[in-house]
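Undergrad: Below: one structure in structure tokens.
No lab work stands behind these numbers, since they all come straight from the coordinates. Worth saying up front: this structure is predicted, and the values here are computed from it rather than measured. Neighbour counts are summed over all protein chains in view; Cβ atoms, including those assigned to glycine, are modelled from backbone coordinates with ideal geometry.
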Number of protein chains: 4
Amino acid sequence: MAHHEFEPTHFHVTIGSHEPVLRIKPGDSVSTWCVDAGGHDRNFEPITPGGNPQTGPFYVEGAEPGDTLVVHFDKMYPNRQTGFTGKLVAPWVVDPHFVRHLPYEDVPTPRPPRPDERYVDLWDLDLAKGTGRLRTARPGLEALQDFALDPMLGCFGVAPDRGQAISCATSGQHGGNMDYRGFRQGVTVYFPVFVPGALLHVGDGHAIQGDGEIVGTGIEISFDVTFTVDVIKGKRAHWPRAENETEIMAVGNARPLDQCVQHATTELMRWLEQDYGLDYRASSILFGQLIRYDIGNIFDPAYTMVAKMEKRHLPRKKAP
Amino acid sequence: MAHHEFEPTHFHVTIGSHEPVLRIKPGDSVSTWCVDAGGHDRNFEPITPGGNPQTGPFYVEGAEPGDTLVVHFDKMYPNRQTGFTGKLVAPWVVDPHFVRHLPYEDVPTPRPPRPDERYVDLWDLDLAKGTGRLRTARPGLEALQDFALDPMLGCFGVAPDRGQAISCATSGQHGGNMDYRGFRQGVTVYFPVFVPGALLHVGDGHAIQGDGEIVGTGIEISFDVTFTVDVIKGKRAHWPRAENETEIMAVGNARPLDQCVQHATTELMRWLEQDYGLDYRASSILFGQLIRYDIGNIFDPAYTMVAKMEKRHLPRKKAP
Amino acid sequence: MAHHEFEPTHFHVTIGSHEPVLRIKPGDSVSTWCVDAGGHDRNFEPITPGGNPQTGPFYVEGAEPGDTLVVHFDKMYPNRQTGFTGKLVAPWVVDPHFVRHLPYEDVPTPRPPRPDERYVDLWDLDLAKGTGRLRTARPGLEALQDFALDPMLGCFGVAPDRGQAISCATSGQHGGNMDYRGFRQGVTVYFPVFVPGALLHVGDGHAIQGDGEIVGTGIEISFDVTFTVDVIKGKRAHWPRAENETEIMAVGNARPLDQCVQHATTELMRWLEQDYGLDYRASSILFGQLIRYDIGNIFDPAYTMVAKMEKRHLPRKKAP
Amino acid sequence: MAHHEFEPTHFHVTIGSHEPVLRIKPGDSVSTWCVDAGGHDRNFEPITPGGNPQTGPFYVEGAEPGDTLVVHFDKMYPNRQTGFTGKLVAPWVVDPHFVRHLPYEDVPTPRPPRPDERYVDLWDLDLAKGTGRLRTARPGLEALQDFALDPMLGCFGVAPDRGQAISCATSGQHGGNMDYRGFRQGVTVYFPVFVPGALLHVGDGHAIQGDGEIVGTGIEISFDVTFTVDVIKGKRAHWPRAENETEIMAVGNARPLDQCVQHATTELMRWLEQDYGLDYRASSILFGQLIRYDIGNIFDPAYTMVAKMEKRHLPRKKAP
């Protein structure tokens, strides 16, 4: 149950079987930090190429293919006061005929944008109060002069199988760039383990983000992160799962959204059967009247949809 | 500002330019009732063929193509104590390889199911307390022996243009079978008017429904409904819009979900420009960090996605 | 086996249970004509509102729900020398980021375009030789000064069930606006019958059309059409089927294209089982190495995909 | 202009920046061989793990990011007499309700299948005549006792950027598992170069394959391959392009098919502008009446669609 302070010196823009930076044991926790999506540190200095650079990977002793890696996020919080965001909604989240009515001239392609004022909006954060302010005030956006933040991690996951190194622009069964605002402090995430040690990567802090990350960013900012790991031997999910105090969640990462729905719904049915003893008729009855879906991102090459149930509607978990 | 009590004698399973059953004026309200999706009345008697039969249409004096019809739902509530639901999630909301693990033998195709016990689950409602109970208890579903209802209307809308008569199985710019749980008592819905009188239809009450209506039904039940209409001359939306005390909502109806997202996001941008004076750069900034998406149904031929914003984040509405 | 000459006097822009214009018997043939998609006759005069106006419906004696209507197209050919086409590919068939690089200023929304020179390109046809010429020559398009036509019907079908009247902008199990270049002279099309008399509608001639109808039109032109009908009692397809001398084809109409693929593939498997005695293992073996898919349109609200097999790879048809 | 005989000793199941096996110069040609999708050599011996193992990568001197790699396939042909295929169409190419009617009991998940008789069908090839025979004859499949093969390569491409190693189960801008039957002997393929040397990989021979590769395989077989490379400096495509004697082709790899259409159509428009001087109005006119789309695969995580034009409809290429 050791606690590790880890100071990163290099970062990865893919999630893959990179050389581990630290070996930890089940029950251990790690305090570390992440650069922002563009590779800037707590001083807003560019120290590594952009593209959701990841801190890690962390090798978890005893995690083997076929196990589940448990990651509890004890803390995730911005560690500087300036963040940046994309300037316009993505052309694929509006009607095709409407695209030409949006002023895309200053929006670089491909995104996400670089953090200079031509390409982004800047935001000032009050980290003590947990609030944000759009730096350049605009008529009609008075509410953005003082509003509550909701910090979350956009991109994290474990090494995929077959030697793949998957871009941090996208996501899959290994996690990755899911951009789901439910991945906030206090959440516990479960990953299928594909390689020995699982190889956990973390990065891409958002001070806040709307559903879908439709401008290509949340408020992008460097983060301090503390997490605690565990391993469940011999139990493997197909997709990332998560829970907080009140809900359980299953994640589907794919395109189109319809396919995310399929992955997330199926994974939640499997979970309810494995851990709660509900057969598919029983989970159908429950889902029909009480399931909730949340959108992660609809910006990246793979979109993200989360299917979730409130714990108060579930039976007691089966004994392991 | 008259109040009308309307007793329906026949019902339509398409939304179209049918003979009006009542002519009303802007400001008038109507109290009436709807059979359930299967055509059963308050006594659970089958009085008309199933398929989301609609009460109406109501002709609103002065509503012309190019106007907006305003419908405020003063009341929507079940008027009997027994409801029914589909037995299994639809095969298209789970992974294709997973379909064969679901016990579809007793599920009729095409759905929605007929209300006899072989094909559906039955529910008993306590209308005074606003709670429901799954009639045949199942292990693990103890929470369903007493849970809060959340009544909503699944299918309603106005006559489409060009003489179309659109099946109540699906939805479009005219509304229709959207199955969105945000369409609950107290909501105000705005429809584009396509034909003189707008021709409002209402039906398909659900005592409660999960996101996506993924078993093909909410708890299907007959409803009492009271609504008040108004007309906004010379202003036309492209898609249904709605608001309640805290939120404004824009609806997109299509397949796949990605296209619903496009319609709903575009419509919300248009609305914010028309009524709140926010240009597309401003609404992009707002949406990037604060937009929310809700799923209506992912069961019907056209799916439904709702894009919404909290009113507290918006500026004051422009004077009309 | 009568032959009817039918002179249309009015047209429908939905396919539905409209008043029949002529009652015919199985074995009968009809020679008639259709206006172009914009409602112009053989003199390029606008005689009816645009939107793929249909000639008909024709009531086929003895056709009942559950039967199959057989329509053999003996002739379909342009009957005037000027056609028109849309000016630019639809914004949804190119990358969302690319849309703003296309000069959409003069393209009306919604389409299809009106036939004046500001909105369309005009074409001159040599009906004797079967060739076309782009009226306003453009550098690089020299090949379009003399090229072979391939006439086809874009929109035709039978009345859908439940009293629906479906817009001729779209398509479904009843047929409709499929815009498939395989529907050329000599093809035999099979429709499921939903209402007594089937109620056949025909219209929307194209002198030629590329895959996908991605500019929103083929070369739109008025047509002379001759067809012969028959009825197969007690046999019902789920989707339109077709055959010519060398191929059998099954049609899927939906969005997205992935869903068209599902409908068309399933329908072809059903057909091979019904008429050729191939179980699903056998048709899988055949499809894996020899199936072909053609795109109808990817422009309309519902897209169209055709799955087809060459007859030389099939066994002899079972005796009926 | 050297010719290299290359004998592979190991294979990769990702396409990435692996150690080059051979350095070649523009103008050089290479004769080599590939194992089949399951890792079996010309003796049907398993010599490497399955998953479309690739021969290579080949480092092409002088190819730099921003250039185009030209690969002309002088020869591609099976080098053994036994191939294998999947047993059933994928559940996602049929209607969701239809899935349970297919006998999937013996089909392993995930696929592609392993080559033992329980999981696959076996085929005997006559390499001199270029014909195939289904080993276990089935009633109704008599045509499969002697039919013409059409050999093609299913998976090949160049290393992607950012250090990615992309699974050979899928495809992208770098090429990969496109499974397009137009990639047959004599084709020239153009790839965007992402890394120095381009790093060409080749594998996954099919003796023949239907559109869509809907049983998860063509007739999988080991191949002899000869190719010649060239580099076009300072010219970069966004997606793979190809040409044969009569056609030019642009490839889009994504999900859903609608997005493949967007990529392929856009790429073909760009190509016609770059090399043939056609602006987007001109290519729209051409595409509207003469474009063709072919489906590559609709089985893999990313689908493949090809947009193509016949050369006889194009102007002369611009001087470089």
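Undergrad: With all pairs of different alpha carbon atoms counted, what Kirkwood hydrodynamic radius in Å does the range D:241-313 show?
TA: Final number for the Kirkwood radius of the range D:241-313 is 12.2 Å.
Undergrad: Give me the dipole magnitude in Debye, nearest 20, for the range A:86-228 about the Cα centre, with unit charges on the beta carbon: positive for Lys and Arg, negative for Asp and Glu. Walk me through the intermediate numbers first.
TA: On the way: 12 positive and 18 negative charges, 38 e Å.
My answer is approximately 180 debye.
Undergrad: Within a 10 angstrom radius of each residue's Cβ in D:13-25, how many Cβ atoms of other chains show up on average? Whole number is fine.
TA: 1
Undergrad: Now for a separate question. Within the range B:227-307, report the trypsin sites (Lys or Arg not before Pro) that DSSP leaves as loop and that have at most 10 other Cβ atoms within 10 Å.
TA: Working: sites: B:LYS233, B:LYS235, B:ARG236, B:ARG241, B:ARG270, B:ARG281, B:ARG292; in loops: B:LYS233, B:LYS235, B:ARG236.
Here no trypsin sites (Lys or Arg not before Pro) fit, given the DSSP loop and packing criteria.
Undergrad: For C:GLY234, go 7 angstrom from Cα along the Cα-to-Cβ vector, then report the distances to that same point in the other copies in nm, smallest first.
TA: Here the equivalent label points are 5.9, 6.5, 7.6 nm apart from this one.
Undergrad: Next up: Any chance you could list the semi-axes, whole Å, largest first, of the equivalent ellipsoid that the Cα gyration tensor gives for the range D:1-91, using √(5λ)?
TA: 27, 16, 13
Undergrad: Pop out the Kirkwood hydrodynamic radius of chain B from its pairwise C-alpha distances, inverse of mean 1/r, in Å to one decimal.
TA: On the way: mean 1/r = 0.0501 Å⁻¹.
Value: 20.0 Å, from the Cα pair sum.
Undergrad: Specify whether the C-alpha gyration tensor of the protein assembly as shown places it in the rounded, prolate or oblate class, a ≥ b ≥ c being the square roots of the eigenvalues: rounded for a/c under 1.5, otherwise prolate if a/b is larger than b/c and oblate if not.
TA: Verdict is rounded for the protein assembly as shown.
Undergrad: State, to one decimal in nm, how far the label point of C:ARG162 lies from the label point of A:ALA128, with both points 7 Å from Cα in the Cβ direction.
TA: That separation, rounded to one decimal, is 6.2 nm.
Undergrad: Let me ask you something else. At D:HIS101, with labels set 7 Å past Cα in the Cβ direction, how many nm apart are the copies from this one, shortest first?
TA: Going from nearest to farthest copy, the values are 2.4, 4.5, 4.5 nm.
Undergrad: Tell me the relative contact order for chain D as a rounded percent, counting alpha carbon contacts under 8 Å between residues six or more apart. Don't skip to the end; give the middle numbers.
TA: Details: 866 pairs, mean separation 75.5, N = 320.
Reported relative contact order: 24 percent.
Undergrad: Continuing with this model, one more query. Cα axis of helix A:280-290 to longest principal axis of chain A: angle in degrees, 0 to 90, nearest 10?
TA: 30
Undergrad: How large is the helix-only mean residue ellipticity at 222 nm for chain C, computed as the sum of -39500 (n - 2.57) over DSSP H runs with n ≥ 4, divided by its residue count, in deg cm²/dmol to the nearest 500?
TA: Mean residue ellipticity, 222 nm, calculated: -3000 deg cm²/dmol.
Undergrad: Another question, if that's okay. Calculate how many DSSP beta bridges within chain C are antiparallel, expressed in % of all such bridges and rounded to the nearest 5.
TA: 90
Undergrad: Determine, from the Cβ-Cβ distance of A:ARG23 and D:THR246 and an R0 of 56 Å, the FRET efficiency 1/(1 + (r/R0)^6), rounded to the nearest 0.05.
TA: Step by step, r from the Cβ atoms, then E = 0.40.
Undergrad: Look at the axis of the rotation that sends chain B onto chain D, then give the chain B residue with the nearest Cβ and the distance in whole Å.
TA: Nearest-to-axis residue on chain B, with distance in whole Å, is B:VAL99, 2.
Undergrad: If you add up the charges near C:THR32, with Lys and Arg at +1 and Asp and Glu at -1, over every other residue whose beta carbon is less than 13 angstrom from its beta carbon, what do you get?
TA: That works out to -4.
Undergrad: Which lysines, if any, have their Cα less than 20 Å from the Cα of A:LYS25, not counting same-chain residues under 8 positions apart?
TA: Excluding near neighbours in sequence, the set is A:LYS75, A:LYS233, A:LYS235.
Undergrad: Between rounded, prolate and oblate, where does the range A:1-54 land on the alpha carbon gyration tensor, with a ≥ b ≥ c its root eigenvalues, rounded for a/c under 1.5, else prolate if a/b exceeds b/c? Don't skip to the end; give the middle numbers.
TA: Numbers: a/c = 2.95, a/b = 1.64, b/c = 1.80.
It is oblate, given that a/c is not under 1.5 and a/b is not larger than b/c.
Undergrad: Now for a different question. If you plug each phi of the range B:59-72 into the Karplus form 6.51 cos²θ - 1.76 cosθ + 1.60 with θ = phi - 60°, what whole-Hz ³J(HN,Hα) values come out, in order, with x for Gly and Pro?
TA: These are the phi-based 3J(HN,Hα) values: 8, 9, 4, x, 7, 10, x, x, 8, 10, 8, 9, 10, 9 Hz.
Undergrad: Excluding A:VAL229 itself, calculate the net charge of residues whose Cβ lies under 13 Å from the Cβ of A:VAL229, where each Lys or Arg counts +1 and each Asp or Glu counts -1.
TA: -3
Undergrad: Along the Cα-to-Cβ line of D:TYR119, 7 Å from the Cα, sits a label point; which residues in the range D:206-223 have backbone N less than 17 Å from it?
TA: Residues D:215-222 qualify, since their backbone N sits under 17 Å from the label point.
Undergrad: ³J(HN,Hα) across the range A:248-261 via Karplus (A = 6.51, B = -1.76, C = 1.60, θ = phi - 60°), whole Hz, x for Gly/Pro?
TA: 10, 9, 10, 10, x, 10, 5, 10, x, 4, 4, 6, 4, 4
Undergrad: Please work out the FRET efficiency for the pair C:HIS238 and A:ALA143, using the Cβ-Cβ distance as r and a Förster radius of 41 Å; give the result to the nearest 0.05.
TA: Efficiency, rounded to the nearest 0.05: 0.20.
Undergrad: Average partner chain C-beta neighbours within 10 Å, per residue of D:265-277? Before the final figure, lay out each step's value.
TA: Values: counts 9, 10, 3, 1, 7, 3, 0, 1, 1, 0, 0, 1, 2.
Across the residues of D:265-277, the mean count of other-chain Cβ atoms within 10 Å is 3.
Undergrad: Relative contact order of the range B:1-121, please, whole-number percent, based on alpha carbon pairs below 8 angstrom and at least 6 residues apart. Display every interim value, and only then the final one.
TA: Details: 148 pairs, mean separation 27.5, N = 121.
Result for the range B:1-121 is 23 percent.
Undergrad: For B:GLU105 and B:HIS10, what is the calculated FRET efficiency with R₀ set at 45 Å and r taken between the beta-carbons, to the nearest 0.05? It would help to have the intermediate numbers written out before the result.
TA: On the way: r = 36 Å, r/R0 = 0.80.
My answer for the efficiency is 0.80.
Undergrad: While we're on this one: For the range D:51-96, how big is Rg over Rh, using alpha carbon atoms and the Kirkwood form of Rh?
TA: Rounded to two decimals, Rg/Rh equals 1.15.
Undergrad: Would you mind listing the distances between the B:GLN81 label point and the same position in each other copy? Use 7 Å along Cα-to-C-beta, nm, one decimal, shortest first.
TA: Spacings between copies for this position, smallest first, are 6.5, 8.0, 8.1 nm.
Undergrad: Post the alpha-carbon centroid distance, the range D:183-212 to the range B:3-67, in whole angstrom.
TA: 60
Undergrad: Given 5 Å bins starting at zero, what is the percent of C-alpha pairs of the range D:158-257 in each, up to the one with the largest pair distance?
TA: Reading the bins upward from 0: 2, 10, 21, 26, 23, 12, 5, 1, 0.
Undergrad: Which order do D:GLU310, B:GLU5 fall in if you start with the one that has the fewest other Cβ atoms within 10 Å?
TA: Numbers: D:GLU310 13, B:GLU5 8.
Ranked by crowding around the Cβ, least crowded first: B:GLU5, D:GLU310.
Undergrad: Only Lys, Arg, Asp and Glu count, each charged at its Cβ (+1, +1, -1, -1), so figure out the dipole size of the protein assembly as shown about its Cα centre, rounded to 20 debye.
TA: That gives the protein assembly as shown a dipole magnitude of about 0 debye.
Undergrad: Let me ask something additional. Once amide H atoms are built 1.01 Å from N in the peptide plane, which residues 5 or more positions from B:LEU278, or in another chain, come under 5 Å H to H?
TA: B:GLU273
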